[in-house]
1. In the structure displayed, which of Lys222/Lys253; Lys59/Lys212; Lys222/Lys254; Lys59/Lys247; Lys110/Lys188; Lys107/Lys253 lie more than 25 Å apart, Cα to Cα?
2. Rank by packing, highest mean first: peptides 191-204, 103-116, 156-169, with packing defined as the count of other Cβ atoms within 10 Å averaged across residues.
3. Taking every eigenvalue of the Cα gyration tensor of segment 97-250, multiplying by 5 and rooting it, what semi-axes result, largest first, whole Å?
4. Given the alpha-carbon gyration tensor of the chain, what are the semi-axes of its equivalent ellipsoid in whole angstrom, ordered largest first, with each equal to the square root of 5 times an eigenvalue?
5. Say each of Lys59 and Ala12 gets a label point 7 Å from the Cα, pointing the same way as Cα to Cβ; how far apart are those two points in nm?
6. Return the distance in nm (one decimal) between the two label points of a simple spin-label model at Gln237 and Ala106, each offset 7 Å from Cα along Cα→Cβ.
Amino acid sequence: MRRLNLIEQLNAAGIDTSTFQRVTIEGGVDEDEESNRPDPTDSFYMIDVRADRSFEAWKIARSLVEKTGYYPVITEEYDQLFEYMEFEDEYDSAATIKAALSADVAKFFKERADEFADNMNEDRIGTWELAQEETASEDFYLASRSGADSILQLVFCPTKISWQVCAVLCWGNSNDGIAPANHSAVHKYWGTEYDAELVCITIDLMEFLVKKPPTTKEAAMKLAHEQFVYCPDIVDQGVQTVANLGKSLINSKKWFFWWD
């Protein structure tokens, strides 16, 4: 019944569902190891979307979440998203959600910061006055790098809540050792603080839509430090300093994370 409701709601909203299908999980092969991703009780579904139309489709699907019961995310090569992560033999998304609800996010950020304490020098932090001005892109990186007429997928996850996506996907562990419950806990915190919602997710990338971004230097630098310890590569292989990251976050409606 949930599947029928989902496709009916998408059709009624004018979304092309001609490619609508259930995401099949066949235990594909990642190098020398077979995937052991369990087939979830609540299935995932997906449709193909052109890259240049993916965000508009996402917004429509997002507006229907309360009716469909499925939260949408944009991805590419969906088989990697579902088959190539380091899943456990018997994964319980409900238990992960419960763990996320009880997680101490401040403690998580502090423990992560302690890991980088020895290298957190002035050069890495940078100076706000010298921080580079960043021009926010109007497009999400995943769509822009793919090319306008490339085909992406809009995946419908069996949850109504953005922060629970990593929990139901079992997304984590391989990316800098952060467990799915901690990803979900951080996303819940940022959702409360900044009204940030997940839009794009691949095996190594996440992008968020942010409705309440920081508007002051102090707030932006606090968030920049959190984002750096959560995803060091966006600084170390990206904007180069935490101050550059902070300056880019002021009034920015889009966040980008990438783990090498």
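Rule-based calculations on the coordinates, nothing more; no lab input. Computed from a predicted model, the values in this text were never measured in an experiment. Because the Cβ atoms are built from the backbone with ideal geometry, glycine has one as well, and the counts that use them run over all protein chains shown.
1. Lys59/Lys247; Lys107/Lys253
2. Result, highest mean first: 156-169, 191-204, 103-116.
3. Calculated on Cα positions only, the semi-axes equal 25, 21, 15 Å.
4. 31, 21, 17
5. It is 2.1 nm.
6. Placing both labels 7 Å along Cα→Cβ, they lie 3.3 nm apart.
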